[in-house]
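A.B. asks: Before I ask anything, here is the structure I am working with.
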């Protein structure tokens, strides 16, 4: 199948919209290819033509969100003060709060391992690129760039998963600030803090 074909693109768009609608209503493990076909108004064979399983479809549908999370993390100025979360991080937590049910389902115990891995990979790549480009704080020369980036990426995904799994008692600005303090300290050497 030609992925540049406008009909294929429209079908994929409908399938992505259908899976996001269903994921907002029910747990990912309960979504079937038949239900997706019905929601997208296509036959089941068409769903399989585009995606081998629900997990690959949901991961593709959430790609824009993954990219937004990666960009926000990479845009955080590492020299911002400890007592105020950078705006991109605040915007990221606002985005997550606005889509909390989806993130909880995606990152929860019955969620999509592929989605969580994709999010970590994108974050790691963004941070590695930034660090390799000279934006890495001093004092970390004894840690490989990719390991440092993976550590911070895993921390962000873990904090988001934890935050959306709970009742989110903190306001988004409080959650962003708490994460910023951890993230900032993970970027700065203890003595350079």
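A.B. asks: Calculate, for residue 135 and residue 13, the FRET efficiency according to 1/(1 + (r/R0)^6) with r their C-beta to C-beta distance and R0 30 Å; round to the nearest 0.05. Before the final figure, lay out each step's value.
C.D. replies: Details: r = 36 Å, r/R0 = 1.19.
Taking R0 as 30 Å, the efficiency between residue 135 and residue 13 is 0.25.
A.B. asks: Also, I was wondering about something else. Which order do 127, 177 fall in if you start with the one that has the fewest other Cβ atoms within 10 Å? Let's see the in-between values first.
C.D. replies: Working: 127 26, 177 19.
Ascending number of Cβ neighbours within 10 Å: 177, 127.
A.B. asks: Could you give me the percent of Cα pairs per 10 Å distance bin for segment 6-52, shortest bin first, beginning at zero and ending with the bin that holds the maximum distance?
C.D. replies: 30, 58, 12, 0
A.B. asks: Rounded to a whole number of µm²/s, how large is the Stokes-Einstein D of the chain at 37 °C and 0.692 mPa s, given Rh as the Kirkwood radius over C-alpha pairs? Each step should come with its number before you reach the end.
C.D. replies: Working: Rh = 17.9 Å.
Here the translational diffusion coefficient equals 183 µm²/s.
A.B. asks: Okay, next question. What residue among 42, 66, 157 has the largest mean-square fluctuation in a Gaussian network model of the chain, using Cα springs under 10 Å?
C.D. replies: 42
A.B. asks: With the chain treated as a Gaussian network of Cα nodes joined by springs under 10 Å, which of 31, 58, 160 yields the largest mean-square fluctuation?
C.D. replies: Maximum among the listed residues: 31.
A.B. asks: What is the order of 44, 130, fewest Cβ neighbours within 10 Å to most?
C.D. replies: Ordered from fewest to most neighbouring Cβ atoms within 10 Å, 44, 130 come out as 44, 130.
A.B. asks: Still on this model: Express in % the proportion of alpha carbon pairs of segment 98-153 at distances exceeding 19 Å.
C.D. replies: Numbers: 624 of 1540 pairs.
Tail of the P(r) past 19 Å holds 41 percent of the pairs.
A.B. asks: Follow-up. Please compute the modelled spin-label separation between residue 99 and residue 143, points set 7 Å along Cα→Cβ, answer in nm with one decimal.
C.D. replies: The answer from the label model is 2.8 nm.
A.B. asks: For the chain, with a Gaussian network of springs between Cα atoms less than 10 Å apart, report the residue from 138, 125, 97 with the top mean-square fluctuation.
C.D. replies: 138
A.B. asks: Give me the base-10 log of I(q)/I(0) for segment 79-121 at each q in 0.20 Å⁻¹, Debye formula, one uniform scatterer per Cα, rounded to two decimals.
C.D. replies: For segment 79-121, the Cα-only Debye profile gives -0.73.
A.B. asks: Where the eigenvalues come from the Cα gyration tensor of segment 13-87, what are the semi-axes √(5λ) of the equivalent ellipsoid, largest first, in whole Å?
C.D. replies: Over the Cα atoms of segment 13-87, the semi-axes work out to 35, 12, 9 Å.
We did not get these values from a lab; they are worked out from the coordinates using the rules stated. Just so it is clear, the structure is predicted and the values come from calculations on it, not from any experiment. Here the Cβ is made from the backbone with ideal geometry for all residues, glycine too, and neighbour counts use every protein chain on show.
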